[in-house]
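The structure appears below as structure tokens.
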Amino acid sequence: MHLDISDVSSFGAFTSELSALLERWGASRLDVVVNNAGVGVFGPLEAVTADDFDTVFGTNVRGTFFLIQSLVPLLAQGSRVINVSSSLTRHTSPATSVYSASKAAVEALSRTLAAELGPRGIRVNSIAPGPTATDFNGGAMRDDAGMRQGLAGRTALGRVGEPEEIGDAIATLASDGLRWMTAQRIEVSGGALL
Ligand SMILES: NC(=O)c1ccc[n+]([C@@H]2O[C@H](COP(=O)([O-])OP(=O)(O)OC[C@H]3O[C@@H](n4cnc5c(N)ncnc54)[C@H](OP(=O)(O)O)[C@@H]3O)[C@@H](O)[C@H]2O)c1
């Protein structure tokens, strides 16, 4: 199913379609929701426009918040919501202010929603990846050798992360082994900028 998470007005129709699909599959509820979609617009303070700001917050914060709100009726007792943040909420890097602030908001809403949804047994946590070799930011962490080397040198494990390593951490967080964990921020960054 396609969904543009910056288009909150489409969430009602999306949720209805998803609900009908779940019924067809004989699974009436969702067990895990991972809010992974995210965008970054990077630049120094004076270069960031109001449109850049709205794009980043509209996707990362507004989209995440209202998608969870739309999906709440479909969440099973004991289900898990995992929101993808960033190591940039702990350490700083120039030209990342709006993106970092949006992820800090994701972490704050994760903690509050953990309190709100806890009575239904729903766990809400955030995963904060460090620099990871994906398409993000034009694929810089994957394709720009200079950037990779620079970041690796500031990371305890001496390299940038691979997408599977974030996926494995999310799968672990979704597992029953961590059923007593909620309202937490888990950083998966190889020890970036300690
Ligand atoms: N890579 C890193 O170093 C890093 C570090 C910290 C945190 N993160 C976070 O990790 C998450 C995944 O990013 P990534 O590294 O895998 O980057 P990516 O390769 O650029 O993937 C971003 C994903 O978000 C989707 N997306 C963006 N805007 C969307 C929208 N409006 N509606 C629906 N989907 C949308 C993209 O879909 P399309 O492909 O269809 O556009 C893509 O699948 C993001 O939240 C990012 O902020 C990444």
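Of the residues Glu116, Glu164, the single one that is more than 24 Å from Phe42 (Cβ to Cβ) and within 13 Å of the ligand (Cβ to nearest atom) is Glu164.
In the range 173-182, the residue that is nearest to Pro131 (Cα to Cα) out of those that are assigned to a helix (DSSP H, G or I) and over 15 Å from the mean Cα position of the chain (by Cα) is Leu178.
Matching residues to (1) in a helix (DSSP H, G or I); (2) in contact (Cβ under 8 Å) with a residue 24 or more places away in the chain; (3) acidic (Asp, Glu):
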residue	(1), (2), (3)
Gly43	no, yes, no
Glu46	yes, no, yes
Gly58	yes, yes, no
Val61	yes, yes, no
Thr64	yes, yes, no
Ser70	yes, yes, no
Ser79	no, yes, no
Ile82	no, yes, no
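Scanning the range 16-34 for residues that are within 15 Å of the ligand (Cβ to nearest atom) and without any contact (Cβ under 8 Å) to a residue 60 or more places away in the chain yields a total of 2. A single member of Ala174, Ala183 is out of contact with any helix residue (DSSP H, G or I) (no Cβ under 9 Å at 6 or more places or on another chain), in contact (Cβ under 8 Å) with a residue 40 or more places away in the chain and either surrounded by 13 or more Cβ atoms within 10 Å (Cβ to Cβ) or closer than 22 Å to Asp31 by Cα (or both), and it is Ala174.
Taken as a whole, the condition of being of a type outside the set (Lys, Arg), closer than 20 Å to Asn60 by Cβ and out of contact with any Cys (no Cβ under 6 Å at 6 or more places or on another chain) applies to Ile127. In the range 132-151, the residues that are surrounded by 14 or more Cβ atoms within 10 Å (Cβ to Cβ) reach residues that are of a type in the set (Val, Ile, Thr) and in a helix (DSSP H, G or I) with C-beta atoms within less than 7 angstrom, at least six apart or across chains, in these pairs: Thr132/Ile166.
When the residues of the range 93-113 are filtered to those that are within 14 Å of the ligand (Cβ to nearest atom) and of a type in the set (Ser, Thr, Tyr), which remaining residue is modelled with the lowest pLDDT? Only one residue tops the list, namely Ser93. Here Tyr99 passes the criteria (1) closer than 24 Å to Gly138 by Cβ; (2) outside any helix (DSSP H, G or I); (3) among the hydroxyl-bearing types (Ser, Thr, Tyr); (4) touching a Leu at 6+ places or on another chain (Cβ under 8 Å) except the one numbered (2). Taking the condition under 23 Å from Leu194 (Cα atoms) and within 19 Å of the chain's Cα centre (by Cα), does Thr64 pass? So Thr64 does not fit the description; no.
Considered as a group, the residues in the range 31-61 that are hydrophobic (A, V, I, L, M, F, W, C) and under 11 Å from the mean Cα position of the chain (by Cα) include one that is nearest to Val72 (Cα to Cα), and that residue is Val33.
The values are calculated or read from the model by the stated rules, or taken from the named source; none is laboratory data. Here the structure is a predicted model, which is why all the values come from computation and not from measurement. Positions of Cβ are backbone-derived with ideal geometry, glycine not excepted, and every protein chain shown enters the neighbour counts.
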